[in-house]
Amino acid sequence: MPRQPKATFTFIDLFAGIGGMRIAAERAGGRCVQSVEIDDAACDTYERNFKQSPKGDITKLRPREKVVAAHDLTLAGFPCQAFSLAGKQGGFADTRGTLFRDVADILRRKRPRAFVLENVKGLIGHDKGRTLTTILNALESKAVGYTLPDVIGPNGRTQRGWFTLNALDFGLPQNRERIFIVGFKDPAAAASFRAPVPSRRRKRKLLMDILE
């Protein structure tokens, strides 16, 4: 068996699903030091794929300073729950009662170098945009303390900390648009960040291309 290249960073995989974000992080040179997923069926698939069980409940990872592994990058495909207080204070306090707050609390306590959060594209317009604004404000608040990069969107406008990608543009036969939110502990790293741009020369695959 060929020797695996030495990892250049470590990461944790929260709301891991079946491991899609983990695959991307490992291909970029990362090593997973902890994964968490509560759905039994997803855990079974994840364990078959990576020989590691992600079974766990993010709300019970306490005390976070001891239970959550030290890491460089936090990955989290958190569920989009209703933010009943969205837009009233615009900071970390507005996220209580949501699973996003657990992600933000881990960032606040473990202080990784960066994070990548993923969600459905509908998050952009949820509650007329107030939910996304609340999330971004919480990540930039003094309590959490991250810098969000300015990202040029497809319409040419600057977006604070987020961009969308479609799996169809990256070789998967599925029209699956997702929002990605990124942030950095180092403001200089945020300033140098550029969102990935799909190659227009890539041939889009159809489902018949991959089925046996």
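We did not get these values from a lab; they are worked out from the coordinates using the rules stated. Fair warning: this is a prediction, and the values are worked out from it, not measured in the lab. Glycine also receives a Cβ, built like all others from the backbone with ideal geometry; neighbour counts cover every protein chain displayed.
Could you name the lysines whose alpha carbon sits less than 26 Å from that of residue 51, not counting residues in the same chain fewer than 8 places away?
6, 60, 66, 110
For an R0 of 30 angstrom, estimate the FRET efficiency from the Cβ-Cβ distance between residue 143 and residue 209 and round to the nearest 0.05.
The calculated FRET efficiency here is 0.05.
At most 11 other Cβ atoms within 10 Å and a DSSP loop assignment: could you name the trypsin sites (Lys or Arg not before Pro) in region 133-196 that fit?
Answer by residue number: 142, 157, 194.
Mind checking Rg over Rh on region 110-212, alpha carbons, Kirkwood formula for Rh?
Over the Cα atoms of region 110-212, Rg/Rh equals 1.04.
Just tell me which aspartates and glutamates come within less than 17 Å, Cα to Cα, of residue 185; anything on the same chain fewer than 8 places away is out.
Here the aspartates and glutamates satisfying the reach criterion relative to residue 185 are 72, 105, 140, 150.
For the pair residue 174 and residue 41, how long in nm is the line joining their label points, each one 7 Å along Cα→Cβ?
With each label placed 7 Å out from Cα toward Cβ, I get 1.3 nm.
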